[in-house]
């Protein structure tokens, strides 16, 4: 039993770390510290194992120069002016009535209420909308982190509550738009950095979907046994 809880804690921690990384990448243009971390041998090996690459230029360019280049690319992709890919759920889901697709749409309200229901709150410095992709990933990051803590401390009730909350939010929100958002970034990104990070994001969402389905299947089998 102890080994099983430890395994679940380690899995939740690993998932939390990935959500945290993706939140950092898509929250704003990457700073020098993040670039240096991504240029480290550890990340290089991890990306290679996934069959992905940020490109030789990324690894051979000074972090300060990369920060400038990627700031321009981030602005072009997600801010504008001109055509852009909004990083907000409310502008990607299909509501049936296209006129309803706007910032602070129904999804924004739903995400806000969900975050409040978990007891989490926004950082005082946060000025964005609740359905920004970084905010949604940070929610999953914090819930997975809390789940891991629950398993480690033997608080199975809280750990399972956090796991169920993640599943619900993932299925109701992230799965509904992030794969489509990832595809659009892959199609229009000019620099390998955002194209490859979008591939990582899409692949991770697929793994999460499989993981939540398997968890439900195991639960049903346990009840039936």
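When a/c reaches 1.5 or more, the comparison of a/b and b/c decides; with that in mind, is the range 57-158 rounded, prolate or oblate per its Cα gyration tensor? Oblate. Taken as Cα centroids, the range 8-80 and the range 179-212 sit 13 Å apart, rounded to the nearest whole angstrom. Using the Cα gyration tensor of the range 123-190, with a ≥ b ≥ c the square roots of its eigenvalues, what is the shape: rounded (a/c below 1.5), prolate (a/b larger than b/c) or oblate (neither)? It comes out prolate by the Cα gyration axes.
Calculated [222 nm] ellipticity per residue, helices only, for the chain: -22500 deg cm²/dmol; basis is -39500 (n - 2.57) per DSSP H run with n ≥ 4, divided by all residues, nearest 500.
Mind running the shape call on the range 2-80? Use the C-alpha gyration tensor, a ≥ b ≥ c as the square roots of the eigenvalues: rounded below 1.5 for a/c, prolate if a/b tops b/c, oblate otherwise.
Prolate is the answer for the range 2-80, as a/c is 1.5 or above and a/b outweighs b/c.
Relative contact order (percent) for the chain, with alpha-carbon contacts under 8 angstrom and 6 or more residues of separation?
Details: 218 pairs, mean separation 61.0, N = 225.
For the chain, the relative contact order is 27 percent.
All of the numbers you see were taken from the coordinates with simple rules; none came from a lab. Keep in mind that what you see is a predicted model, and the values were worked out from it rather than measured.
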